[in-house]
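Here the structure comes first, spelled out in structure tokens, and everything after it is commentary.
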Amino acid sequence: MICLTFFGFNGYTQEKFTVSGHVTDNANGEDLIGAQVRVAELEGVGVVVNEYGFYSLTLEKGDYTLVFRSIGYAALNEKISLNQDLSLDIKLTSEDDVLGPMVVKGDTVVNTLDDADGSKLTVDLGKIKELPVLIEPDPIYALTQYETSIKSAGEGNAGFYVRGGGLDQNLILLDEAPVYNPSHLLGFFSVFNSDALKDVDLYKGGMLPEYGGRTSSVMDIRMKDGNKEKLGVSGGIGLVSSRLTVEAPIKKGKGSFIVSGRRSLVDLFLGLSPDETISQSKLFFYDLNLKANYTLGKKDRIYLSGYFGRDNFGFGSTFGLTWGNATGTIRWNHLFNNRLFSNTSFIYSNYDYKFSFGEDEDKVGLESVIRDWNFKQDYSYYLNNENSMKIGYNVIHHTIEPGNLEAGENTGIIAQDAIKKYSLEGAVYIQNEQKVSNRLNLGYGLRYSFFNYMGDGVKYEFDETGEMTSEQEVGAWETIQFYHGLEPRFSSSYRLNPSSSVKLAYNRNYQYLHLLTNATTSSPTDVWINSSNNVKPQIADQIALGYFKNFKNNMYQTSVEAYYKDMQNVIDYRTGADIFLNNELEGDLVYGDGRAYGLELSVKKTQGKFTGSLSYTISKTERQFDEINDKQWFSARQDRTHDLSAVGTFHVNKKVSISAAWIYYTGDAVTFPTGKYLIDGQVVPYYTERNGYRMPDYHRLDLAVNWKRKKTEKFESSWNFSLYNAYGRENAYSISFRPSEDNPIQTEAVQLSLFRWVPSVTYNFKF
Amino acid sequence: MKLVYIFFGAVLMTSLWSCEKVIQVELNEEDSQLAIEAPLYAGTNTFRVTLTATNSYFEASLPNGVNGAAITLSDDQGSSQMLTAVGNGQYEAIVTAVPGRVYDLQVVLAGVTYTAQSRLLDVVTLDQLEAEYQPATGPIPEGYFLYNRFNDPANEENFYRFKHWVNDTLQNEGLDLIVFDDAFFDGNYVRLPLANQFFDLGDTVQVEMIHFDKPAYEFFNSMADIVSNDQSPNGGSAAPGNPISNWNNNALGYFVAMSSDTLEVVIQ
């Protein structure tokens, strides 16, 4: 603990005491992650409630007023006399219940000017329910569609790009477990069920050392703990799926559980069809979120959470495709004393897909799996008012099964498994959040990460052209390749005056697992590969500078952020790469550099009859490979120069709100042919340049009306009517080049558009 | 995998709101590039080499032939012969190609020498074609699947291509280009579906199974990626580019020596 000397112990020895406890929602007992605790008498003194609802403040002996605030909750003042260590649990009441959403009251606004993590977005799960939806409500839809700094991977796709990073560079955590494929139904819905979620944070940069493993962003999603006060049932019916959530105390005051399910219902109608081919089709997805927590005495609490989701497609016995994630987390919170909080997690995560043709002896099936076992230990130490430290470590065992082949006797195909890959990924970190003065807040620390790719397996070596030059069997637990690196992180905020601040952040991130995809959008058959002697870890360095200013007692929050990101060892393919069942796949990959920079502007109004945001991002994202475009830098697919969004909600009265959202962005960079030639009588396009062209610019308007039909103590219900792409713009999903059907000599460009005027209705209830 | 894509495409097309239209796209003008197409069949045949220059993608004409080249075919047994220009970018010779030999093709054009090499392999015989009825499944209508049965030579890498004709018409659209290797059935008696098509009762189907070497496979496999799919945003290939040619000096196209076997079946 040499580092302690850095944290500035005060020289004098005034008597100090600690006030600590949990901050929860009054109605259901949910922990309020990220709530702020401030001391009214001491300007700038306070802490943020941690991810388990715990806070700890150490102050000199005396009388204070503590102010508790959380987004969407009425602030609460609590007077305390601190002449001994105090335990103080606080319950906050939802703003909706106190004021109704249309009341202007600056006091409920959480002021983030002093938060050092400038590049963090928090989803207000209550507010986004009022926004338009595409077919189904989705908790990350508003982030990927309406935040210009987050770029959606494609029309209605759950995948996203952050500040020039790739689709696989986002660490998506659900109760600490990584979710390897966050999409349902070929990418059109995310796997997250908003009824089961409590908190969604997205770090675009400046993430503290506790997070690691991906280079671009961290999406930290926490499930609800379940109602600790009473039995609660809520649910909803949408066009595609229906949801039902049950939550209740286990033993009042001791614990609670939540079970939340969602399933698509379209296939129930298929089953009714008299047409056998339709009734034998399978087409459904489901999600099941489970969580329970139990308090063992004053100092210990145990959490158990799980997620199971699956998609199933199939036509009789001819064809079947299924994929899904399963995650499980066991956590133990322990309070060593009122300043030292510990969390121990044991985490499991599994993603797999399978497809098959035919049945019995004619069957050919393929399965691919990625599976993690993860042990994680974190300590939070509330050293004093000025310093909150966190120290921790974790070890993950990854198993990747690229392809297990199953084949019936008749096929003549040898049922064999592609070589399974094993690896250990680990990290140790230390971080401190320090209040240097009333104006200056810092977050800093270091993460050391390592990756050990090991047997049993086969070590392949390739020459420059991708031809294999050697293969060598490696025994179990024997190292094939070891990588490690230091990841320094720094973030800061400096308050210029009561209404404005500047923030500066730097982070270096390592990424040891990489996603290979055939398409540009996320697809269930994407392949995860690990770093190896051929595949180096991806490294990104990012620096971000922001200016934040609030107007009218924090009612209007504006920001300007600039970033520059440098990426090493980004991955692309050689032409003709086969990513399926290819043991020598690594020879088909090429490695290069990336850079991205941009400016993000945003204005948000979070209070009042009218709420909304206006944001604009101008950015550039480029890649460079020795093997592509004569080593010249070229635009990455997701390089969208201009990105603009305007989102507004007008609360007509207590019951009805109207929302509109308009988005516009520059078309993606794409590769088009310049010429053509014939091979075997087929027209073959002749390409001269990677990503040298642009898709047409994209824009659309979405509308929604929310109607809270009934609200009593016992029952409430609401309707959401949405219209996606209200003016029916034919946005290009893809542009393909092919011979005309009428005249094979004539070639043409054909644009495919999805989703013109998609109306949807959702009904939600709660009792 | 191709069938998975077709399936995705079908789902996209039929179950979601989508529409297709022909649009105008401005493409850059680039210098044209030489493409050489040279299929050499086993046995005594007319060996025809076609030289063309790429033209603009939207130009409503076929690429022009390139005349004036000197073309020589030689093999590893020391024999060598010149091809005769017959006009329109085509060059011919009667060639007796012998399995086991490695062939070299040299094209000299405007002072540049282009070379490519290909090994002629033994024929692998198609044993049987089997038609099997498939009821209509979802968006795919009923029809007959055709299975090809053959013995794969053991303990060596083999590469194949299927070409097929329905009622004497060569099926030659993107998804009809079927190439594969034997990584998953080395040495076995195989039953492989001609996976891209359902046939109707009474159709006469001819299947030609071509056996060729790895560079040939790499060319046709990468070409299949590029021409086979037009429904994913990237045109189906992980990285759109030009097929992997076995010509040097950036010439497009291929020189492939191949042996083949053909069977015919009437669907009943």
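We did not get these values from a lab; they are worked out from the coordinates using the rules stated. What you see is a predicted model; the values in this text were computed from it and never measured. As a convention, Cβ positions derive from the backbone with ideal geometry for all residues, glycine included, and neighbour counts pool all protein chains shown.
Points to keep in mind about this one:
- Charge dipole (Cα centre; +1 on Lys/Arg Cβ, -1 on Asp/Glu Cβ; no other charges) of segment A:120-220 amounts to roughly 340 debye.
- Only Lys, Arg (+1) and Asp, Glu (-1) charged, at Cβ; the protein assembly as shown dipole about Cα centre in debye: 6400
- Label positions at A:Phe346 and B:Glu20, each projected 7 Å from the Cα along the C-beta direction, are separated by 5.4 nm.
- Our helix-only sum for chain B, with -39,500 (n - 2.57) per DSSP H run of n ≥ 4 divided by its residues, gives a mean residue ellipticity at 222 nm of -3500 deg cm²/dmol.
- Interchain or long-range residues, amide H under 5 Å from A:Gly412's placed H: B:Arg191
- Orientation-averaged projection of segment A:523-623 equals 9.7 nm² [convex hull of Cα atoms, one quarter of hull surface area].
- Shape index of segment B:75-146: Rg/Rh, with Rg the Cα radius of gyration and Rh the Kirkwood radius from the inverse mean 1/r over Cα pairs, equals 1.28.
- From largest to smallest, the equivalent ellipsoid semi-axes obtained for segment A:221-766 from the alpha-carbon gyration tensor read 40, 33, 31 Å.
- Phi angles across segment A:656-661 convert, under the Karplus curve 6.51 cos²θ - 1.76 cosθ + 1.60 with θ = phi - 60°, into 3J(HN,Hα) values of 10, 10, 10, 10, 9, 9 Hz, Gly and Pro given as x.
- Residue among B:Val107, B:Leu129, B:Trp247 farthest towards the positive dipole end of chain B, charges placed on Cβ: B:Val107
- Using only Cα coordinates, the Kirkwood hydrodynamic radius of segment B:34-119 works out to 13.6 Å.
- For chain A, the mean residue ellipticity at 222 nm estimated from helices alone is -500 deg cm²/dmol, where every DSSP H run of n ≥ 4 contributes -39500 (n - 2.57) and the total is divided by all residues, rounded to the nearest 500.
- Loop-located chymotrypsin sites (Phe, Trp or Tyr not before Pro) in segment A:419-510 whose Cβ has at most 14 other Cβ within 10 Å (DSSP): A:Trp477
- Within segment A:671-765, the percentage of alpha carbon pairs spaced more than 21 angstrom apart rounds to 58%.
- Total formal charge among the other residues, if their Cβ is under 9 angstrom from that of A:Leu66, Lys/Arg +1 and Asp/Glu -1: +1
- Listed pairs A:Lys127/A:Lys224; A:Lys552/A:Lys655; A:Lys552/A:Lys604; A:Lys605/A:Lys655 exceeding 22 Å between Cα atoms: A:Lys552/A:Lys655
- Relative compactness, segment A:465-538, computed as alpha-carbon Rg over 2.2 N^0.38 Å: 1.82
- Extension gain, A:Phe308 back to A:His642 (0.36 nm per residue minus Cα-Cα distance, nm): 116.5 nm
- Summed side-chain charge close to A:Arg243 - residues other than A:Arg243 whose Cβ falls under 12 Å, Lys, Arg +1, Asp, Glu -1: -1
- Taking 32 Å as the limit for the C-alpha separation, the pairs A:Lys129/A:Lys421; A:Lys151/B:Lys163; A:Lys120/A:Lys354; A:Lys354/A:Lys376 exceed it in the case of A:Lys129/A:Lys421; A:Lys151/B:Lys163; A:Lys120/A:Lys354.
- Other residues with beta-carbon under 14 Å from the beta-carbon of B:Arg101 carry, at +1 per Lys or Arg and -1 per Asp or Glu, a net charge of -4.
- Computed from the C-alpha gyration tensor, the three semi-axes of the ellipsoid equivalent to segment A:120-220 are 20, 15, 13 Å, from longest to shortest.
- Summing Cβ point charges (Lys, Arg +1; Asp, Glu -1) relative to the Cα centre of segment A:436-541 gives a dipole of roughly 1280 debye.
- Efficiency of FRET between A:Phe336 and B:Asn155 - r from beta-carbon atoms, R0 56 angstrom, step 0.05: 0.30
- Between the beta carbons of B:Ile94 and B:Asn249, assuming R0 = 30 Å, the FRET efficiency works out to 0.60 to the nearest 0.05.
- The residue list B:Ser56, A:Gly587, A:Ala196 was ranked by how far each Cα lies along the charge dipole of the protein assembly as shown toward its positive end, using unit charges on Cβ atoms, and A:Ala196 comes out on top.
- Across chain A, Cα pairs under 8 Å and at least six residues apart give a relative contact order of 11 percent.
- For the peptide A:734-746, the mean number of other protein chain Cβ atoms found within 10 angstrom of a residue's Cβ is 4.
- Label positions at A:Ala562 and A:Phe482, each projected 7 Å from the Cα along the C-beta direction, are separated by 4.3 nm.
- Structural descriptor for segment B:91-231: relative contact order 25 percent, calculated from alpha carbon pairs under 8 angstrom and at least 6 residues apart.
- Beta bridges per DSSP with both ends in chain B, % antiparallel, nearest 5: 90
- Spatial extent of the protein assembly as shown: Rg and Dmax, with the Cα atoms as the point set, Å: 31.5, 106
- On full extension, the segment bounded by A:Gln14 and A:Leu599 gains 205.9 nm, given 0.36 nm per residue less the C-alpha separation.
- Each Cα pair under 8 Å and six or more residues apart adds its sequence gap; the mean of these over the residue count of chain B is a relative contact order of 20 percent.
- A crude spin-label estimate for the pair A:Val656 and A:Leu244, with each label 7 Å from Cα along the Cβ direction, gives 3.3 nm.
- Taking 0.36 nm per residue of sequence separation and removing the Cα-Cα distance, the A:Ala40/A:Glu716 pair yields an extension gain of 239.7 nm.
- Volume per residue of the convex hull around the Cα atoms, evaluated for chain B, comes out as 155 Å³.
- Fraction of antiparallel bridges per DSSP, the protein assembly as shown only, in percent to nearest 5: 95
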